[in-house]
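One structure is given below, encoded as structure tokens.
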Amino acid sequence: MGITLKKFITTTDKKAPGPSTTFTLFHIFCALECLAQGPFGRNKLADKLGVGDGAIRTIINRLKAAELISNTKEGCVLTRSGQEVWHQVEQVFPKRSEIPKTEITPSEFNYGFLIKDHGDSVKSGIDQRDAAIIAGAKRAIVLIVKQGHLHVASVDQCIEEKYTEAAAEILKRITPQNSKDVIIIAGAETPLKAKTGAFAAAWSLMDN
């Protein structure tokens, strides 16, 4: 990405009031994701992000300081710069979706990210699983697209033969665009933790 979210947090940390520990990269991602859909009031945005009043003020202050959002009568909206940053994010994470409970996604709540063209960045998938668990998920599975089929990263196993229905459910919600795409699905006890875990696992590939 030309303008990374990591760089954004680093460069805006000293430009706005409020402790930086009150929000994470995931909260910034979710805020941009919400605001890309239209105006959001502060309370509604806080509910979506699962944060308190102090944290949402800090997040909004950071985004304003970076000139990524502005205020309107309807609520906060993305500026042109904010839209450009979100467009860059969507180039890497073009598909994101809740995933139902299946044989390979056994948690009550599951969330998946499609990471474009990062198959070569995945080794065993353990780093991504660990990142998801540290972020609050119970488990995570890393799937690599090879010749149009889903393979489990850790064992290089094609899941469509043994788990036909599960694979169909995943592909229905997150459709890979080409080979070397990666699908990461995290499972957790709440929808927010599942999404947080999936994002953390997906983001761990950006360092590679």
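The values are calculated or read from the model by the stated rules, or taken from the named source; none is laboratory data. Since the structure is predicted, the reported quantities are computational estimates derived from the model, not experimental observations. Cβ: placed from backbone, ideal geometry, glycine included. Neighbour counts: every protein chain shown.
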Working only within the range 45-78, note down all residues that are more than 11 Å from Cys34 (Cβ to Cβ) and over 21 Å from the mean Cα position of the chain (by Cα). Asp53, Gly54, Arg57, Asn61, Lys64, Ala65, Glu67, Ser70, Asn71, Thr72, Lys73, Glu74
Does Lys123 fit the bill of being charged (D, E, K, R) and part of a helix (DSSP H, G or I)? no
Could you list, in sequence order, all residues of the range 126-142 that are under 19 Å from Ile170 (Cα atoms) and either in a helix (DSSP H, G or I) or over 17 Å from the mean Cα position of the chain (by Cα) (or both)? Gln128, Arg129, Ala132
Would you check if there is a residue in the range 188-208 being assigned to a loop (DSSP other than H, G, I, E, B), more than 25 Å from Phe23 (Cβ to Cβ) and not assigned by TED's automatic domain parsing to the domain that holds Glu33? no
Tally, over the range 99-126, of residues that are of a type outside the set (S, T, N, Q), at negative phi and surrounded by fewer than 17 Cβ atoms within 10 Å (Cβ to Cβ): 8
Total residues in the range 143-183, condition part of a helix (DSSP H, G or I), among the charged types (D, E, K, R) and either outside the structural domain of Arg129 (by TED's automatic domain parsing) or in contact with a helix residue (DSSP H, G or I) (Cβ under 6 Å, 6 or more places away or on another chain) (or both): 1
Hits in the range 177-192 (condition: of a type outside the set (S, T, N, Q) and either farther than 20 Å from Glu103 by Cα or loosely packed, with under 14 Cβ neighbours inside 10 Å (or both)): Lys180, Asp181, Glu189, Leu192
Has the range 158-169 got any residue that is without any contact (Cβ under 8 Å) to a residue 12 or more places away in the chain and among the acidic types (Asp, Glu)? yes
Only one of Glu98, Glu33 is charged (D, E, K, R), in the same structural domain as Gly197 (by TED's automatic domain parsing) and in contact with a helix residue (DSSP H, G or I) (Cβ under 8 Å, 6 or more places away or on another chain); which? Glu98
Among helices (runs of 4 or more DSSP H) entirely within the range 39-118, at least 3 residues that are in contact (Cβ under 8 Å) with a residue 12 or more places away in the chain and of a type in the set (Lys, Arg) occur in 42-49, 53-65
